[in-house]
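Asks: To start, I am sharing the structure in question, which I have written as structure tokens.
Coordinate-derived values only; no laboratory data. In this text, all values refer to a predicted model and were calculated from it rather than measured experimentally. Every residue, glycine among them, receives a Cβ derived from its backbone with ideal geometry; neighbour counts consider all protein chains shown.
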Amino acid sequence: MNAQLQSTPVSATDRIERSLVVEAPRERVWRALADAESFGTWFGVDLKGQSFAPGRHVRGPMTGCGHENVFFDAVIDRVEPTTHFAYRWHPGAIDPAADYGKETPTLVSFTLQDAPGNRTRVTVVESGFDQVPAHRRQEAFRMNNQGWDHQMGNLARHVAA
């Protein structure tokens with residue numbers, strides 16, 4: 001993998017941003033993001049039989065990360081073919097006994113741009129951490145700050161394969 005991950009500290013508390021140039025054309029990267037089953041493959045969630053469309057709720061168990069009792073639970077926000085994909089979710093929602101439904105979700109937004117050499121720049125921004133309840137905010141931010149480094153690497157490997 002010849003991709004170099006860039007971190008942009010935009011806000012100390014509200015926003016995580018990562019940008020990466022991957023060794024794949026934009027259409028391939030788009031399929032990895034916008035097709036629910038492909039997304040699940042690299043993200044580590046079972047979304048078999050589901051699809052992404054604005055307003056649609058998707059849910060599936062996490063796989064292979066030590067959090068198999070945790071569910072990926074998101075509402076698709078935007079699907080703009082080959083350029084923008086976004087969803088809303090509750091970051092750090094790993095306690096099966098907690099009711100996260102009363103919390104304001106963060107927005108995860110992927111933007112794709114062409115890069116030289118038939119490669120693609122992928123930028124992910126997760127924003128809205130300042131709306132996460134104070135007792136969970138710092139840990140949710142920490143988990144996802146590390147998590148996006150891992151997930152962007154997963155995406156790069158998936159589309160390069």
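Asks: With the condition kept exactly as written, say whether any residue in segment 72-82 is closer than 29 Å to ALA12 by Cβ, touching a residue at least 40 places away in the same chain (Cβ under 8 Å) and touching a helix residue (DSSP H, G or I) at 6+ places or on another chain (Cβ under 6 Å). If you could, list the steps in order and put the result at the bottom.
Replies: Looking only at segment 72-82, we keep the residues that are closer than 29 Å to ALA12 by Cβ, and these are 72-78.
Next, only the ones that are touching a residue at least 40 places away in the same chain (Cβ under 8 Å) stay: none.
No: segment 72-82 contains no residue that is closer than 29 Å to ALA12 by Cβ, touching a residue at least 40 places away in the same chain (Cβ under 8 Å) and touching a helix residue (DSSP H, G or I) at 6+ places or on another chain (Cβ under 6 Å).
Asks: How many of the residues making up segment 38-76 are of a type in the set (A, V, I, L, M) and either within 17 Å of MET152 (Cα to Cα) or surrounded by fewer than 14 Cβ atoms within 10 Å (Cβ to Cβ) (or both)? Give the derivation first.
Replies: Looking only at segment 38-76, we keep the residues that are of a type in the set (A, V, I, L, M), and these are 45, 47, 53, 58, 62, 70, 74-76.
Applying the additional criterion that residues be either within 17 Å of MET152 (Cα to Cα) or surrounded by fewer than 14 Cβ atoms within 10 Å (Cβ to Cβ) (or both) yields 45, 53, 62.
The total comes to 3.
Asks: Checking TYR87 against (1) hydroxyl-bearing (Ser, Thr, Tyr); (2) over 22 Å from GLN138 (Cα atoms); (3) without any contact (Cβ under 8 Å) to a residue 60 or more places away in the chain, which single condition isn't satisfied?
Replies: (2)
Asks: Turning to a different aspect of this structure: Filter segment 120-135 down to the residues that are touching an Asp or Glu at 6+ places or on another chain (Cβ under 9 Å) and either among the aromatic types (Phe, Trp, Tyr) or surrounded by fewer than 19 Cβ atoms within 10 Å (Cβ to Cβ) (or both), then identify the one that is farthest from LEU107 (Cα to Cα).
Replies: Here is the first cut: in segment 120-135, the ones touching an Asp or Glu at 6+ places or on another chain (Cβ under 9 Å) are 120-121, 123-133.
Those still in the list that are either among the aromatic types (Phe, Trp, Tyr) or surrounded by fewer than 19 Cβ atoms within 10 Å (Cβ to Cβ) (or both) too: 121, 123, 127-131, 133.
Working: ARG121: 20, THR123: 13, SER127: 5, GLY128: 6, PHE129: 9, ASP130: 12, GLN131: 11, PRO133: 15 Å.
Out of the qualifying residues, it is ARG121.
Asks: Would you confirm, using the coordinates I've provided, whether GLY117 is surrounded by fewer than 16 Cβ atoms within 10 Å (Cβ to Cβ), out of contact with any Gly (no Cβ under 8 Å at 6 or more places or on another chain) and part of a loop (DSSP other than H, G, I, E, B)?
Replies: Numbers: surrounded by fewer than 16 Cβ atoms within 10 Å (Cβ to Cβ): yes; out of contact with any Gly (no Cβ under 8 Å at 6 or more places or on another chain): yes; part of a loop (DSSP other than H, G, I, E, B): yes.
Against the criterion (surrounded by fewer than 16 Cβ atoms within 10 Å (Cβ to Cβ), out of contact with any Gly (no Cβ under 8 Å at 6 or more places or on another chain) and part of a loop (DSSP other than H, G, I, E, B)), GLY117 qualifies.
Asks: GLU23 is checked against (1) under 20 Å from GLU126 (Cβ atoms); (2) crowded, with 17+ Cβ neighbours inside 10 Å; (3) of a type in the set (D, E, K, R) and fails just one. What number does that condition carry?
Replies: Just one mismatch for GLU23, condition (1).
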